[in-house]
Amino acid sequence: MTVVRLAEVARVHGEGATAVHALKGVSLEVGAGELVAVMGPSGSGKSTLLNVAGGLDRPTSGTVHLGERDLATVRDLAALRRREVGYVFQDLNLITSLTAAENVMLPRELDGVRPRAARKEAMAVLAEIGVTDLADRFPEELSGGQRQRIAIARALVGTRRLLLADEPTGALDTRTGDEILQLLRTRCDAGAAVLLVTHEPRYAAWADRVVFLRDGMITDTTDSSLVSAR
Amino acid sequence: MSVRHSLLALLSGGPRHGYQLKIEFEASTGGTWPLNIGQVYTTLSRLERDGLVAPGESDEQNRVTYTITPAGREEMELWFATPVVQSDRPRDELVIKLAMAVAARKVDVTAVIHQQRTATMRTLQQLTKAKRAAPEGAAQRLVLDSMIFQAEAEQRWLEHCEAVLKEER
């Protein structure tokens with residue numbers, strides 16, 4: 001089942017002579033239980049691709065479908081994003097005045113879930129990724145790897161089908177980075193669709209399929225035969 | 001490559017017979033280097049000749065157990081204390097191939113790079129999968145890590161080549 005589908009997506013920033021063509025006709029699908037990695041140097045369009053796939057940005061032309069829904073027809077994108085899509089960024093954006101558990105609860109509370117229920121959901125996902133003991137700590141009391149785990153928990157809470165990760169291993173050492181990928185992989189094997197943007201080959205290699213992006217275009221891709229072999 | 005020193009290292013953990021050494025060597029190196037049992041016995045008899053190991057009694061299956069000698073322990077420690085030099089590495093076929101593709105001028109170098117990059121990424125995917133499936137065995141996982149780092153270095157180099165050639169054009 002396809003969770004997100006981009007068809008001939010182009011994204012142009014600006015107009016006329018100074019226009020920047022960030023994406024030039026990119027087509028890409030990510031299915032449930034599939035981990036797809038997008039690799040490319042800075043300026044290749046990776047982050048734009050991720051933003052468009054998650055409804056944070058709209059394409060100049062082409063279509064983006066999340067499940068059956070064409071994002072161009074969705075009026076309240078913010079609500080759809082909160083319910084369906086989880087984001088993990090390099091800059092974690094954890095709120096420093098909230099505890100780990102409160103950070104994870106936040107998107108659910110924004111969605112109108114009552115605090116008790118939101119807390120329960122948050123604790124469940126923290127338990128799933130093995131960091132229950134960190135629930136009542138503040139971000140500054142956590143290591144870089146622990147903070148990234150909390151950010152991932154926040155992206156996973158609720159029933160999001162699509163997880164978007166932009167350089168989620170940032171400045172982490174390779175061992176902690178591998179642990180983060182293990183988490184994403186586990187979530188994926190449980191049925192989520194994961195789209196990962198990275199410039200590090202070792203993390204891209206956790207994916208079922210690796211797509212190489214250059215100057216806004218997909219230049220080559222490892223086939224997805226590994227999915228069925230799994 | 002030092003099978004000789006590897007056997008000494010394994011024997012420093014206690015007496016073992018040849019077949020045990022073969023099994024332990026292969027397990028520790030993640031199955032990346034299968035040893036011929038004949039090679040194990042040849043190496044053991046050379047080590048014995050040099051006074052680095054001493055044979056003991058045969059067991060009921062007629063297998064001789066070997067023990068490391070103090071001289072053998074010294075030899076092993078010297079091995080671990082000596083850094084490995086990279087100077088006598090054989091030439092890398094991929095490097096030569098790319099250099100020739102650039103020198104030949106009429107070859108589509110970018111296509112060569114893309115093909116290799118995709119192939120190396122597949123290797124990297126397989127290694128990562130093998131590592132995830134690897135049972136608890138630090139030696140074995142570290143061997144896989146070494147191969148992962150090497151494939152990653154090749155991948156990075158290919159991306160570097162692509163970027164450099166793009167500027168040159």
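Taken together, the values in this text are just the output of simple stated rules run on the coordinates, not laboratory data. Quick caveat: nothing in here was measured; it's all calculated off a predicted structure. Note that we place each Cβ from the backbone using ideal geometry, even for glycine, and neighbour counts take in every protein chain shown.
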Calculated FRET efficiency, A:Ala32 and B:Thr67, Cβ-Cβ r, R0 41 Å, to nearest 0.05? 0.10
Loop-located trypsin sites (Lys or Arg not before Pro) in the stretch B:10-95, at most 15 other Cβ atoms within 10 Å (DSSP): B:Arg63, B:Arg91
Just to be sure I follow the definition: excluding the sites themselves, where is the longest run in chain B that has none of the GluC sites (Glu not before Pro) in a DSSP loop with at most 16 other Cβ atoms within 10 Å? B:61-135
Separation between the B:Lys129 and B:Glu26 pseudo-spin-labels, each 7 Å from Cα along Cα→Cβ, expressed in nm? 2.3
Give me a comma-separated list of calculated 3J(HN,Hα) values for the stretch B:24-39, in order, Karplus coefficients 6.51, -1.76, 1.60 applied at θ = phi - 60°, integers in Hz, x for any Gly or Pro. 5, 4, 5, 5, 5, 9, x, x, 7, 9, x, 9, 7, 4, x, 5
List the residues, sorted by chain then number, that are 5 or more residues from A:Val197 or on another chain and whose placed amide H is less than 5 Å from its amide H. A:Val38, A:Ala165, A:Asp166, A:Glu167
Along the charge dipole of the protein assembly as shown, which of B:Ala103, A:Ala204, A:Thr18 sits closest to the positive end, that is, farthest toward it, with unit charges on the beta carbon of Lys, Arg, Asp and Glu (+1, +1, -1, -1)? A:Thr18
Only bridges with both residues in the protein assembly as shown count here: give the DSSP antiparallel percent, nearest 5. 60
Would you mind ranking A:Tyr87, B:Tyr19, B:Tyr66 so that the residue whose beta carbon has the fewest other beta carbons within 10 Å leads the list? B:Tyr19, A:Tyr87, B:Tyr66
Descending Cα extents along the principal axes, the stretch A:21-158, whole Å: 46, 33, 28
If unit charges are put on Cβ atoms (+1 for Lys and Arg, -1 for Asp and Glu) and the dipole of the stretch B:1-59 is taken about its Cα centre, the option from B:Val53, B:Leu11, B:Trp33 lying farthest towards the positive end turns out to be B:Trp33
Cβ-based charge dipole, the stretch A:2-229, positive-most Cα from A:Gly170, A:Pro107, A:Thr60: A:Pro107
Whole-Hz ³J(HN,Hα) for each residue in the stretch A:175-189, computed from phi via Karplus 6.51 cos²θ - 1.76 cosθ + 1.60 with θ = phi - 60°, x for glycine and proline: what do you get? 5, 5, x, 4, 5, 5, 5, 4, 4, 4, 4, 4, 4, 5, 5
Enumerate the amide H contacts of A:Arg209 below 5 Å, restricted to partners 5 or more residues apart or on another chain; note that Pro and chain-start residues carry no placed amide H. A:Leu35, A:Ala37
Once phi is turned into ³J(HN,Hα) by the Karplus curve 6.51 cos²θ - 1.76 cosθ + 1.60 with θ = phi - 60°, what whole-Hz value does each residue of the stretch B:151-162 show in order, with x for glycine and proline? 5, 5, 4, 5, 4, 5, 5, 4, 5, 4, 4, 4
Anything over 22 Å Cα to Cα? Flag those among A:Lys24/B:Lys129; A:Lys46/B:Lys129; A:Lys46/B:Lys106; B:Lys129/B:Lys166; A:Lys24/B:Lys166, in the order listed. A:Lys24/B:Lys129; A:Lys46/B:Lys129; A:Lys46/B:Lys106; B:Lys129/B:Lys166
Please state the charge dipole magnitude for the protein assembly as shown, taken about the Cα centre, from unit charges on C-beta atoms (+1 on K and R, -1 on D and E), reported in debye and rounded to the nearest 20. 880
Search the structure for amide H atoms under 5 Å from the amide H of A:Ala192, placed 1.01 Å from N in the peptide plane, and list their residues when 5 or more places away or on another chain. A:Gly33
